[in-house]
1. For the range 92-154, state which trypsin sites (Lys or Arg not before Pro) are in a DSSP loop and have at most 14 other beta carbons lying within 10 Å of their beta carbon.
2. If R0 is 30 Å, what FRET efficiency do you get for ILE192 and GLU145 from their C-beta distance, rounded to 0.05?
3. Does anything in the range 165-208 have its amide N under 14 Å from the 7 Å Cα→Cβ label point of VAL310, and if so which residues?
4. Can you tell me how the range 96-202 classifies by the Cα gyration tensor, rounded, prolate or oblate, using a/c under 1.5 as the rounded cut?
Amino acid sequence: MRTRSRLPRGVLVAIGPVVLVVAGVAGYLGFGYSPWMAVAMTLLTLTTVGFASGSHLSTGVLVFTAGLAFLGVSLFVVISGLAATAIVEGRVGLFSRSRRMRRRIDDLRGHFIVCAYGRVGRAIARELEAEGVPFVVVDSKAELEPDLDRDGQCYLIGDASDEAVLRQAGIDRAQGLICAVDSDAENVFITIVARSLSPGLLIVARAAREQSADRLYRAGATHVVSPYVTSGRRMANLAVRPHVVEFFDVARAGQPELRLEELEITEGSPLAGRTLQQLGGPAVPLLVRRGDGRLIANPARELQLQAGDVLIISGEASDLNPLDRE
């Protein structure tokens, strides 16, 4: 089945008046009028201004003028209709897209809220996507919407420090919030608002300046990361112990042959009260963080797990969840 090709509406709107003006000028020239007079009469007719009197015009000129005026009015109606249709379709499309995005956000559970979609925010989004972790991006810059659409992100255009915006992003259902705004002051304010809305929320904040880290912790941030300090440590570690850094990069990248994972032992967890030896499987326990913050590196197999502990294990992806072997 062949589809009929149609000219774009913008082309029709642009060509229509030009064609009528050319036809009008040519018609009046054919009736013997001078070029300037032909142009003037064409414009007066198309703009429906008309002439003071038509008694001095011949019958042929009157009929041509009436036809030209009718076509001019018809073209104006068509252009108005096309403009109205474009406005309505644009608003309907925008409303439909906004409604679809609202449904995507409402379906999220245990997700992260990423505040800002700059260089750091995009890197965070890529990492979360690689891990299969659901998230929603909140950014106040409407000009980033095409980039967010192109990247297929779930997003919300708004101020992340606004309580209403954070509620729309599902902060009451979220697992955590990541402040990646360039301004330390904004990150502090977002952290304060987010902590007031969700006291138990995990909040990771970015600090451009070293002195801002303390403010973010006092505002309620769970973890604070300084890109400059982190970059410096990484570069130093690459220079001193490159193989260690490579090991963690491979594990973090989710390679099938090797991964690192953390297991939180909560109240009522089947792992609480068991020893590491009872977990079985080929995964290797690397570290246990006790509920009081104490770290136990290379834990013994006889170590008993308790509620509040966090276990760091290494191995293949299929061996990292002891509960799967129950």
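Every number here is computed from the coordinates shown, using simple stated rules; none is lab data. Because the structure is predicted, anything quoted here is derived from the model rather than measured. Glycine gets a Cβ as well: all are built from the backbone with ideal geometry, and neighbour counts include every protein chain shown.
1. Details: sites: ARG97, ARG99, ARG100, ARG102, ARG103, ARG104, ARG109, ARG119, ARG122, ARG126, LYS141, ARG150; in loops: ARG109, LYS141.
Passing both the DSSP loop test and the Cβ count: ARG109, LYS141.
2. Numbers: r = 27 Å, r/R0 = 0.90.
The value I calculate is 0.65.
3. 176-177, 201-205
4. Numbers: a/c = 1.33, a/b = 1.18, b/c = 1.12.
Rounded shape, in that the Cα axes give a/c under 1.5.
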